[in-house]
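Novice: My questions all concern the structure below.
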């Protein structure tokens with residue numbers, strides 16, 4: 001259970017010195033992107049509920065305060081407020097965490113990464129790049145995921161959904177075809 005010894009911030013970043021003397025330098029965009037509030041993440045499964053393009057390009061830290069074991073961050077220009085549990089923040093801040101889940105880029109490169117990430121997301125969001133299927137109960141969609149980027153838009157709040165992944169590689173298919181052809 002780590003505590004914050006001292007923190008400072010400006011519009012672009014939050015700097016933290018933890019009680020164990022480790023230091024975190026967190027960019028405003030990273031903090032907003034990793035918001036744990038119910039408007040940003042599903043509280044049941046942790047899935048993100050926003051796209052990077054939903055975050056203002058000129059996101060800035062407006063105010064930071066510490067209450068109990070939570071760091072509160074107010075952002076401009078949209079007024080969004082994020083609360084970070086200190087244990088979560090310590091375990092997940094990108095310069096301390098070594099998991100694949102969190103970026104481990106140096107703070108000075110983080111803003112460049114997010115600019116490229118936003119640009120890529122904007123390309124993916126172009127309507128002319130998308131084909132949308134509205135599946136009805138009992139319908140199936142099958143595609144070659146090595147050739148297509150796929151995602152889902154939304155699910156209805158009521159009812160249930162069943163998502164079943166089934167994977168097969170082309171080598172297995174071609175091998176079966178060769179056997180069938182040889183036997184005929």
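The values are calculated or read from the model by the stated rules, or taken from the named source; none is laboratory data. Since we're looking at a predicted model, the values are computed, not measured. Methodologically, a virtual Cβ is constructed for each residue, glycine included, from the backbone with ideal geometry; neighbour enumeration extends over all protein chains shown.
Every residue, every condition in (1) touching a helix residue (DSSP H, G or I) at 6+ places or on another chain (Cβ under 8 Å); (2) closer than 21 Å to residue 108 by Cβ, yes or no:
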site: 11; (1), (2): yes, yes
site: 21; (1), (2): no, no
site: 36; (1), (2): yes, no
site: 46; (1), (2): no, no
site: 49; (1), (2): no, no
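Novice: Would you check which residues across the range 19-37 are under 21 Å from residue 76 (Cβ atoms), assigned to a loop (DSSP other than H, G, I, E, B) and out of contact with any strand residue (DSSP E or B) (no Cβ under 7 Å at 6 or more places or on another chain) and list them?
Specialist: Scanning the range 19-37 gives a single hit, 34.
Novice: Hey, among 45, 2, which residue is surrounded by fewer than 11 Cβ atoms within 10 Å (Cβ to Cβ) and under 17 Å from residue 92 (Cβ atoms)?
Specialist: 45
Novice: Please determine, by comparing only the residues of the range 52-86 that are part of a loop (DSSP other than H, G, I, E, B) and in contact with a helix residue (DSSP H, G or I) (Cβ under 6 Å, 6 or more places away or on another chain), which one is surrounded by the fewest Cβ atoms within 10 Å (Cβ to Cβ). Can you show your working first?
Specialist: Start the filter on the range 52-86 by keeping residues that are part of a loop (DSSP other than H, G, I, E, B), which leaves 55-59, 68-69, 77-80.
Subsequent filtering for residues that are in contact with a helix residue (DSSP H, G or I) (Cβ under 6 Å, 6 or more places away or on another chain) retains 55, 59, 69.
On the way: 55: 20, 59: 22, 69: 15.
Per the stated criteria, the residue is 69.
Novice: For residue 59, are the conditions met, namely being within 20 Å of the chain's Cα centre (by Cα) and under 16 Å from residue 9 (Cα atoms)?
Specialist: Yes; evaluated as a whole, the condition is true for this residue.
Novice: A follow-up question, please. Looking only at residues in the range 119-137 that are without any contact (Cβ under 8 Å) to a residue 12 or more places away in the chain and not in a loop (DSSP other than H, G, I, E, B), which one is nearest to residue 149 (Cα to Cα)?
Specialist: The extreme case among them is 129.
Novice: Only one of 41, 48, 32 is closer than 21 Å to residue 119 by Cα and free of Cβ contacts under 8 Å to residues at least 24 places away in the same chain; which?
Specialist: 48
Novice: Assuming residue 107 fulfils every condition listed in (1) within 27 Å of residue 17 (Cα to Cα); (2) at pLDDT 80 or above; (3) surrounded by 14 or more Cβ atoms within 10 Å (Cβ to Cβ) apart from one, which condition is it?
Specialist: (2)
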